[in-house]
Amino acid sequence: MRVAALSDIHGNLPALEAVLREVEEQKPDLIVSCGDVASGPMPAETIAFLMTLPNARFVRGNADRGVVDAFDKRPKGPMPGPFAEWCASRISREQRDFLASFEPTVTVEGAEEIGTALFCHGSPRSDEEIMTAETSLDRMRLFMAGLDVDLVVCGHTHMQFDRMVDRVRVVNAGSVGMPYGRPGAYWTMLGPRVQPRRIEYDLQAAATRIRAAGSPEGDQFARDNVLEVPTVEEAMEFLRKAEARQLA
């Protein structure tokens, strides 16, 4: 069993297309998305593409819930994700139902040389909780409590990391569509080992497509999340503050 882990596509279809070209070369047995697929500049197009994948499972992210809530005209939660209302206005009922079908977590047994892997968005217990390379060991132990797995794969914080929490290895798959650190598209291959990946794609062409998609925030997304991206320190400062709010 070899698994391709993708996360945080955020409606960046050009980045997703680039990643899936590389994924196809690896011929994984399964693709697992760790959430937040559509909330971004090309939501309907991104969902339509994902719905064609024959060997994929999908974890629910906070922004996936946010788009469904906006479609259903329910009150927004504390972390609805970017573009929620606009995305909801662009997708079909079938696409809404696809997002609503996502699982809280996905567990895969038998990943080559890895064992049992649990895929989540934020933490194993919540799609909003933050896990980073800096999260305290005590807090990480709370997140891992009661799990009988060898590996936890998360998303949500948009930066790859790899750390041990006692006997459980915890990795972040990286963000396909809204990365931090360096421009590009990030994902992770599992089996026979954990292989974090970063690929380059035509950023100028992607920015042109994103700007043409009609989102009122498309130009800003292309500028701040494709052509340029937040630095690691900028991202970590944001995540430290968000984690502090969760601890308050």
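The values are calculated or read from the model by the stated rules, or taken from the named source; none is laboratory data. No experiment lies behind these values; they were computed from the predicted model shown. All Cβ positions, even for glycine, are placed from backbone atoms using ideal geometry, and neighbour counts span all protein chains on display. Each accessible area value is taken on the protein alone, full model and side chains, heavy atoms only, with ligands, DNA and RNA left out. Shrake-Rupley method; radii C 1.70, N 1.55, O 1.52, S 1.80 Å.
Data table
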item	result
Single residue of region 80-104 satisfying the filter (at pLDDT 95 or above and among the aromatic types (Phe, Trp, Tyr)) that is nearest to residue 217 (Cα to Cα)	86
Scan of region 162-213 for residues that are under 26 Å from residue 27 (Cα atoms) and aromatic (Phe, Trp, Tyr), ordered by number	186, 187, 201
Count - residues of region 160-177 that are open to solvent by 30 Å² or more (accessible area, probe 1.4 Å) and either touching a residue at least 60 places away in the same chain (Cβ under 8 Å) or of a type outside the set (Asp, Glu) (or both)	5
Number of positions in region 48-73 that are open to solvent by 20 Å² or more (accessible area, probe 1.4 Å), at pLDDT 95 or above and out of contact with any Pro (no Cβ under 9 Å at 6 or more places or on another chain)	11
Subset tally (residues that are farther than 18 Å from residue 87 by Cβ, aliphatic (A, V, I, L, M) and assigned to a loop (DSSP other than H, G, I, E, B)) for region 51-76	1
Near pairs, Cβ below 6 angstrom, 6+ apart or cross-chain, from region 28-52 (farther than 22 Å from residue 3 by Cβ) to any residue that is charged (D, E, K, R) and open to solvent by 10 Å² or more (accessible area, probe 1.4 Å)	43/90; 44/90
